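The values are calculated or read from the model by the stated rules, or taken from the named source; none is laboratory data. From a predicted model like this one, the values you see are computed outputs, not experimental measurements. FYI the Cβ positions are ideal-geometry reconstructions off the backbone, even for glycines, and counts take in every protein chain you see. Note: accessible area is taken over every heavy atom of the protein model, side chains too, but ligands, DNA and RNA are not part of it. Shrake-Rupley method; radii C 1.70, N 1.55, O 1.52, S 1.80 Å.
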Amino acid sequence: MKNRFVIYVWMLLVGLSLRDVYAQTQLEASKPLKFKEILRLAMENSYTVQVALLDKRNTHYRIQEAKSAAYPQINAQVAMDNNLQLPTQLIPGEVFGGEPGTQIPARFGTKYQVTAGLEARQLLFDQSFFSGLKAIRKAEELNDLQVDKAREAIVYETARVYYLAEVSQRQQAIVEANLAQNQQLIEITRYQYENGLVQKTDVDRLLVNQINLQTEKEGLETDYQEHLNKLKYLCGLPLDAEIILEADNQENSLILAPEKPNFDQRLDLRLLRKQNELETLQQDHVRAGYYPKLYAYAKYQQQALRDNLNLFAGDTWFGVSVIGLQLDIPIFDGFQKRNLIQQSEIRLKKLELESQDRIRDLNRQYRDISNRHQNRLSQVKHQEQNMALAQDVYRNTQQQYQEGLSGLSDLLQAETAQKEAQTLYLQALVQLKLAELDYIESQGNLLNDLIK
């Protein structure tokens, strides 16, 4: 019986010595996905990114639409008039009737008149056309920034969920290892109880611990699945798709530089600057309305004059052709353009105030993010020390237990303390990663630092 007890004890010690080997959750997957691969999938399939790209494409066609005004405008016209009453014209009496000083009413024309022709019109000069084209092209640059802003937002959210999923997965491995070790303890303690070496309460304590661990495992599995589902949604994958996460094992912390923050690459500030440029061009477009517009035009028509509906009988058609220039000179518009310019000035002042307020807020955020990062970095270091200390305590307790100087309860407590220290380290690590994510985002380098 003593030999059997020794065998069980050695089984316990061998099992507990494997505490640093975490059982990875096995998920059926067609392809392991690394961190950057997931971020690229999210950028490619994001709803907001696709909408931003469609807006950019729409702006391209707006530019083509604006350019169309510079091409000749050609129209064909066909009209048929039914003169229910022919118009009356007055003819001087000197011409007909020999009655000087009088006017003789007369009606000329036919009952039906058909006119068919072409009209071409070419813009020669329009200052508002050129300024409007510049404004639309600037809007295209604005769309480019909006696309990058949408990509940045989806990358930030995807990275955040990925970090949470990763730590949840590693916590599951810790709990799996705890469950296996606790089950070995239960079997050994039951054997000890059957041989009168321990009390039944020792077995019950281990059973309670096992139930708690199982409950924790189920909760972690639910959290992990929720994170996976969120990643699938962000990446545009169906919810029934099976994926696994392939960690990059990058646990080194970013060290914040103490220099003054530089927000030049911040997309929100670049968007505000681009909106300011666009508003200035829109104002120029309104001012261009004070300039005259010059057009060239040409018309060619054929007319058929008939007294009956058989319009195409005969071949008598009369041609009309005209070419000319037209100059439109704006004189008074009821102060419309002046009021539009004043509205634009107000929008420019609002953009300036928004930029100033945004810079103040970014400086506040940077200070908070820096403090948070230093705090998270300190926590990780403390948890690393705590984990190392817990491992030393466990090894010493294990040695004492082997020599009969420590009880099973002490060994169990040391093992639990070690696992708790490992869990706290993982939690501190993910908080540090999130703090680093905020720092990178605050500098406007999220896409470059995480994707490239």
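Key figures
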item: Residue check, Ser344 touching a Leu at 6+ places or on another chain (Cβ under 6 Å), part of a helix (DSSP H, G or I) and modelled with pLDDT of 90 or more; result: no
item: Residue check for Glu216: open to solvent by 30 Å² or more (accessible area, probe 1.4 Å) and within 42 Å of the chain's Cα centre (by Cα); result: yes
item: Single match in Leu90, Leu53, Leu12, Leu16 (criterion: more than 30 Å from Phe125 (Cβ to Cβ) and either under 23 Å from the mean Cα position of the chain (by Cα) or at pLDDT 85 or above (or both)); result: Leu53
item: Any chance Leu447 is assigned to a helix (DSSP H, G or I) and either under 30 Å from Arg270 (Cα atoms) or of a type outside the set (D, E, K, R) (or both); result: yes
item: Filter result (over 30 Å from the mean Cα position of the chain (by Cα) and of a type in the set (Gly, Ala, Ser)) within the stretch 256-310; result: Ala288, Gly289, Ala296, Ala298, Ala304
item: Per-region count, the stretch 287-303, residues of a type in the set (Lys, Arg) and either farther than 21 Å from Ala70 by Cβ or in a strand (DSSP E or B) (or both); result: 2
item: Test for Val175: is it more than 24 Å from Thr423 (Cα to Cα), open to solvent by less than 40 Å² (accessible area, probe 1.4 Å) and β-branched (Val, Ile, Thr); result: no
item: Check on His373, open to solvent by less than 30 Å² (accessible area, probe 1.4 Å) and of a type outside the set (Asp, Glu); result: yes
item: From the options Val380, Val393, residue that is crowded, with 16+ Cβ neighbours inside 10 Å, among the hydrophobic types (A, V, I, L, M, F, W, C) and free of Cβ contacts under 8 Å to residues at least 40 places away in the same chain; result: Val393
item: Matching residues, the stretch 406-432, being in contact (Cβ under 8 Å) with a residue 40 or more places away in the chain, under 14 Å from Gln383 (Cβ atoms) and not polar (S, T, N, Q); result: Lys419, Leu424, Tyr425, Leu426, Ala428, Leu429, Val430, Leu432
item: Leu405 vs. criteria outside any helix (DSSP H, G or I) and open to solvent by 40 Å² or more (accessible area, probe 1.4 Å); result: yes
item: Strands (runs of 3 or more DSSP E) wholly inside the stretch 49-133 containing at least 1 residues that are surrounded by 11 or more Cβ atoms within 10 Å (Cβ to Cβ) and in contact (Cβ under 8 Å) with a residue 40 or more places away in the chain; result: 73-82, 112-125
item: Residue selected from the stretch 206-236 under the condition acidic (Asp, Glu) and closer than 30 Å to Leu412 by Cα, by the criterion modelled with the lowest pLDDT; result: Glu216
item: Any chance Leu133 is of a type outside the set (D, E, K, R), under 30 Å from Glu277 (Cα atoms) and in contact with a helix residue (DSSP H, G or I) (Cβ under 7 Å, 6 or more places away or on another chain); result: yes
item: Check on Leu411, surrounded by 14 or more Cβ atoms within 10 Å (Cβ to Cβ) and hydrophobic (A, V, I, L, M, F, W, C); result: yes
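Condition check ((1) more than 20 Å from the chain's Cα centre (by Cα); (2) farther than 30 Å from Ile369 by Cβ) across all residues:
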residue	(1), (2)
Gln399	yes, yes
Leu408	yes, yes
Glu420	yes, no
Thr423	yes, no
Leu426	yes, no
Leu429	yes, no
Leu432	yes, no
Ile440	no, no
Leu450	no, no
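Quick grid of which residues meet (1) exposed (fewer than 11 other Cβ atoms within 10 Å of the Cβ); (2) within 23 Å of Ala76 (Cα to Cα):
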{"residue": "Thr316", "(1), (2)": "yes, yes"}
{"residue": "Gln326", "(1), (2)": "no, yes"}
{"residue": "Lys337", "(1), (2)": "no, no"}
{"residue": "Leu351", "(1), (2)": "no, no"}
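Condition check ((1) at pLDDT below 90; (2) open to solvent by 20 Å² or more (accessible area, probe 1.4 Å)) across all residues:
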residue	(1), (2)
Leu348	no, yes
Glu354	no, yes
Gln400	yes, yes
Glu415	yes, no
Thr423	yes, yes
